[in-house]
Amino acid sequence: MIVANTALDSKCPSGPMEGRWDKHRFDLKLVNPANKRKFKVLVVGTGLAGASAAASLAELGYQVDVFCIHDSPRRAHSIAAQGGINAAKNYPNDGDSIQRLFYDTVKGGDFRARESNVYRLAQVSNTIIDQCVAQGVPFAREYGGLLDNRSFGGAQVSRTFYARGQTGQQLLLGAYQAMMRQVGSGKAKLYPRREMLDVVVVDGVARGVVVRNLVTGEIERHAGDAVLLCTGGYGNVYFLSTNAKKCNVTAAWRAHKRGAFFANPCFTQIHPTCIPVSGDYQSKLTLMSESLRNDGRVWVPKKGGDTRPASEIPEDERDYYLERRYPSFGNLVPRDVASRAAKAQADGGHGVGPTGMAVYLDFRDAIERDGEDVIRAKYGNLFQMYEKITADDPYKVPMRIYPAVHYTMGGLWVDYNLESTVPGLFVLGEANFSDHGANRLGASALMQGLADGYFVVPYTVGAHLAGRALPAVDTSHPAFAEVEGEVRSRIDRLLSIGGSSSVDSLHRQLGAIMWDHCGMARNAEGLKRAVDEVRALRARFWEDANVVGGAADLNDELEKAGRVADFMELAEVMILDALDREESCGGHFREEHQTEENEARRDDENYSYVAAWSCEGAGDPADLSWKLNKEPLTFEVVKPSTRSYK
Amino acid sequence: MIATNGKDTIGLTLNVWRQAGPDAEGAFETYHLNSVSTHMSFLEMLDVLNEQLLAEGREPVAFDHDCREGICGSCGVVLNGQAHGPDRDTTVCQLHMRRFHDGDTITIEPFRAEAFPVVKDLVVDRSAFDRIIGVGGFVSARTGAAPDANAIPVPKEEADLAMDAASCIGCGACVASCPNAAAMLFVSAKVSHLGRLPQGAPERDERVVAMVQAMDGEGFGNCTNVGECEAACPKGISVGNIARLNRDFVRATIRRR
């Protein structure tokens, strides 16, 4: 039995699962319509979660200030999601339901998510699709004019709605346009090219943020009655990931150091189908949509070190290892399983391509079966992108793919209201930890971002505003001056290091440590070594980073330095979390905990909890420490079982 | 695959626009890179240049970029006179150095237009696009007020055409490539995307009029059917959308009388 050692109240309602969200919404206090305009909500980040929340809250009548790191809110990384968005509409009549989406998500997350949260996510999924269609999101349609669905990411029903290979783009544009409608009519105020550098907490409640204007370098104070962090995930701690270059942990990390617990930081998702690394200059990795696994077959040569071109390797010398190991799911096994299987092949000397760190994804059979035109219609844009990057034509030779860091299930701890351990500080989308457990299913990130922004936080923020005494606070409050002073001295410190290593080169070194020891497979020995290496690298960063330029204009190096400094701290707690979790679950694979067939071995008796870390030594980067707080997980509806995709 | 003299690395001369700030005077500076891998992307080549500048204690070249997958619309420079460089349907982040030859000289400039003031070096301010969207580039659908997603069927052909227009990434290459610095391709893509769908029909007239007025107010020029915008567009948005925009605009102004 796992006992909570800190009062972490998830605020999950009780009673029958299907009625919990309704009951909870009824119990939440409402803000009188005439009073809404008196409250100001600060929304940080304009991806799916942030833009949808900002639009919805402004429509309700709140004053909304929204901050965006890009030149335009339309550029947030949600835009890069290719595959689709899940919903339990059951339009294809193939047996889907809210219950099934709920079940699949809990199981897919390897029983490390809260049932109540996941059930709510499945419930609101249908409303999201309605909302997006009403906004003009051009989802794929059938000839009769109704919406098309496809099967995605290992689901055995077709519940994924999509807009070619650009679903994230279209959903984000829908939310962005809804938000810009509010900005255009003066109900929301947009601050582009701003980076949040700290949260201001007054009398224990989040009451503002300090941001840097990235063009002028000005440090600005903004006060409000609630703060929403919608700032995405931290996959760039690995340097190489499929995340966009600006993706960072800074906003979440500064909140963490002000008291927000960080939950399950070691739960990272490695996506199985990315274009392999080609050289030292590589700046990021490119994802090839998982939908490709619907038609592509994954294989490696049976003989280790076989350097013949794929076309010269006869059928009986190919190992279709996913089909062999997982006959019922085959190439469609979930992401964590597919990634580990690819790593096992490369580690065993069966990898292909110049580096040996790749496996084949082959469309030969699909093209023979359906014709090149059909394959082109489904995946034309992806094939074109692959060819541009690699100069190989996937219609003729198999794609080479390899796993890459893609998504982080961990994030700031939130309760059922999406409120962190700092009252008034809400966390939405990938930045929170809430719904995906230890592994996220394909096409569920878009669903969660929009669920949080459109259909959860508009109610729960209201309860905070109506239920707490919020004395008037403006930016002249001493707490703002104090935080601004800390932000300024940190910037000065970065600019005065005067070392000789570029920020990128230090970031690459951090990424290599994390990928080697806290990546697809982890063990105690490697993790312990990694802690020492990360601490040493962090010390070196503060002695030897070369941060050129000044603080008073656009300075990419300064921006990167601040973000990398935070990644250097986050990395340590990721490793501590991976060390603590003596089991294998979802994306977290501890080599000591596997079956004879090299499958993950979960330990529900001892590890069925959310690991929520609180930062203890919040001062100097050299003497940081963390405390583990446990929120036990109980399963009332879906009985934990071993995930089997055989 | 384009031949690169059988070599995996090439040497380049770069003429890069450097401008310290919006009001500063800008000028080209010349840099030499000796061994650029042909497998690099164009932006990775700029990363290498910046590492070199940093090592020399000089300020790196500022350029906008983010996803490096051709979808966020952040990047965009004029490369040897062409917005996003020589390849069709390609953002500069998806352009690879195997497209260039040993000894090439590459001139790199920001997107230039009165409505896109330079922020620094190759970075420009494209916020005018957001303001145009803010006056009408949306469907007024309040959160929670939507009918079932399948309540209104949309013919597949129309949905596909709407999607073609909706795939605009808002990078601004159309403006940079137009001799009049017109934003007609950008505006027309949004007008077509929403106007083709039944959900966007109720506001079709107001939308087109408001967006065109905002476009003029931001200082963009007018379309004179040059067609450079379509050639430069990394997403292949058709100038047919501009014709549709003009029809919609005329229709709306007559109806509104």
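Any read-out appearing in this document is the output of simple, stated calculations on the displayed coordinates, not a laboratory observation. Everything numeric in this text was worked out from a predicted model, so none of it was measured. Heads up, the Cβs are rebuilt from the backbone with ideal geometry, glycines too, and the neighbour counts pull from every protein chain shown.
Semi-axes of the equivalent ellipsoid of the stretch B:9-109 are 20, 17, 13 Å, computed as sqrt(5λ) over the eigenvalues of the C-alpha gyration tensor in descending order. Reported to the nearest whole Å, the Cα centre-to-centre distance from the stretch A:234-256 to the stretch A:372-388 is 30.
Name the shape class, rounded, prolate or oblate, that the alpha-carbon gyration tensor gives for the stretch A:272-404, where a ≥ b ≥ c are the square roots of its eigenvalues, rounded holds for a/c under 1.5, and otherwise prolate holds if a/b is larger than b/c and oblate otherwise.
Working: a/c = 1.28, a/b = 1.06, b/c = 1.21.
Rounded.
Nearest 5 is fine: what % of DSSP beta bridges in chain B come out antiparallel, could you say?
Numbers: 16 of 21 bridges.
Just about 75 percent of them are antiparallel.
Taking all C-alpha pairs of the stretch A:355-490, those more than 23 Å from each other amount to 62 percent. Between the beta carbons of A:ARG488 and A:TYR103, assuming R0 = 51 Å, the FRET efficiency works out to 0.50 to the nearest 0.05. Beta bridges assigned by DSSP with both partners in the protein assembly as shown are antiparallel in approximately 70 percent of cases.
List the trypsin sites (Lys or Arg not before Pro) within the stretch A:257-342 that DSSP assigns to loop and that have no more than 15 neighbouring Cβ atoms inside 10 Å. Answer in residue order: A:LYS302, A:LYS303.
Above 20 Å lies some portion of the pair distances; for the stretch B:127-256, what is it as a whole percent of all C-alpha pairs?
Values: 3581 of 8385 pairs.
Counting every Cα pair in the stretch B:127-256, those more than 20 Å apart make up 43 percent.
Would the protein assembly as shown count as rounded, prolate or oblate if I go by the C-alpha gyration tensor, calling it rounded below 1.5 in a/c and otherwise prolate when a/b exceeds b/c, oblate otherwise? Cα axes put the protein assembly as shown in the rounded bin.
Kindly put A:HIS256, A:HIS436, A:HIS222 in sequence by how many other C-beta atoms sit within 10 Å of each C-beta, fewest to most. Before the final figure, lay out the partial values.
On the way: A:HIS256 29, A:HIS436 33, A:HIS222 22.
The order, fewest Cβ neighbours first, is A:HIS222, A:HIS256, A:HIS436.
Angle check, please: helix B:127-136 long axis (alpha carbons) against the longest principal axis of chain B (alpha carbons), in degrees 0 to 90, nearest 10. With both axes taken from Cα atoms, the answer is about 10 degrees. What is the P(r) of the stretch A:477-619, as percent of Cα-Cα pairs per 5 Å bin from 0? Here the calculated profile for the stretch A:477-619 is 2, 9, 16, 16, 15, 13, 10, 8, 6, 3, 1, 0, 0. Restricting to DSSP loop positions (anything but H, G, I, E, B) with no more than 14 other Cβ atoms inside 10 Å of their own Cβ, which trypsin sites (Lys or Arg not before Pro) remain in the stretch B:71-117? Counting only loop positions with at most 14 other Cβ atoms within 10 Å, the trypsin sites (Lys or Arg not before Pro) in the stretch B:71-117 are B:ARG88. Kirkwood analysis of chain B, using all unique Cα-Cα pairs, places the hydrodynamic radius at 19.9 Å.
Calculate the length of the line joining the C-alpha centroid of the stretch A:259-276 to that of the stretch A:468-494, in whole Å. The stretch A:259-276 and the stretch A:468-494 have Cα centres separated by 31 Å. Packing-based ranking of A:69-75, B:35-41 yields A:69-75, B:35-41, ordered from highest to lowest mean Cβ neighbour count within 10 Å.
Helices meeting the span-like rule in chain A (full DSSP H runs, Cα extent of at least 24 Å along the helix axis, mean Kyte-Doolittle score of 0.0 or higher): A:167-184, A:556-580. Each label point was placed 7 Å from the Cα along the Cα-to-Cβ direction; for A:ALA512 and A:LYS639 their separation is 5.0 nm.
Can you pull out the chymotrypsin sites (Phe, Trp or Tyr not before Pro) in the stretch A:1-64 that DSSP calls coil and that have at most 11 other Cβ atoms within 10 Å?
The qualifying sites: there are none.
Per-residue ellipticity at 222 nm computed for chain A from its helices equals -11000 deg cm²/dmol, with DSSP H segments shorter than 4 residues left out and the rest contributing -39,500 (n - 2.57).
When only the Cβ of Lys, Arg, Asp and Glu is charged (+1, +1, -1, -1), the dipole of the stretch A:272-404 relative to its Cα centre reaches about 400 debye.
When B:ILE108, A:ILE270 are arranged by Cβ crowding within 10 Å, least crowded first, meaning fewest neighbours, the order is B:ILE108, A:ILE270. Over all directions, the projected convex hull of the C-alpha atoms in the stretch B:99-195 averages 9.9 nm² in area.
Using the Cβ-Cβ distance between A:LEU146 and A:SER625 with R0 = 51 Å, the FRET efficiency computed as 1/(1 + (r/R0)^6) comes to roughly 0.35.
Between the beta carbons of A:GLU597 and A:SER185, assuming R0 = 56 Å, the FRET efficiency works out to 0.40 to the nearest 0.05.
Here the stretch B:207-255 and the stretch A:611-639 have alpha carbon centers that stand 54 Å from each other.
The protection proxy used here, the mean number of other Cβ atoms lying within 10 Å of each residue, ranks peptides A:116-127, A:587-598, B:146-157 as follows, highest first: A:116-127, A:587-598, B:146-157. Between their Cα atoms, which of A:LYS560/B:LYS235; A:LYS189/A:LYS627; A:LYS646/B:LYS235; A:LYS245/B:LYS156; A:LYS257/A:LYS343 are more than 32 Å away from each other? Listed pairs above 32 Å: A:LYS189/A:LYS627; A:LYS646/B:LYS235; A:LYS245/B:LYS156; A:LYS257/A:LYS343. Full extension of the chain segment joining A:SER328 with A:ASN35 gains 99.8 nm, where the gain is 0.36 nm per residue of separation less the Cα-Cα distance.
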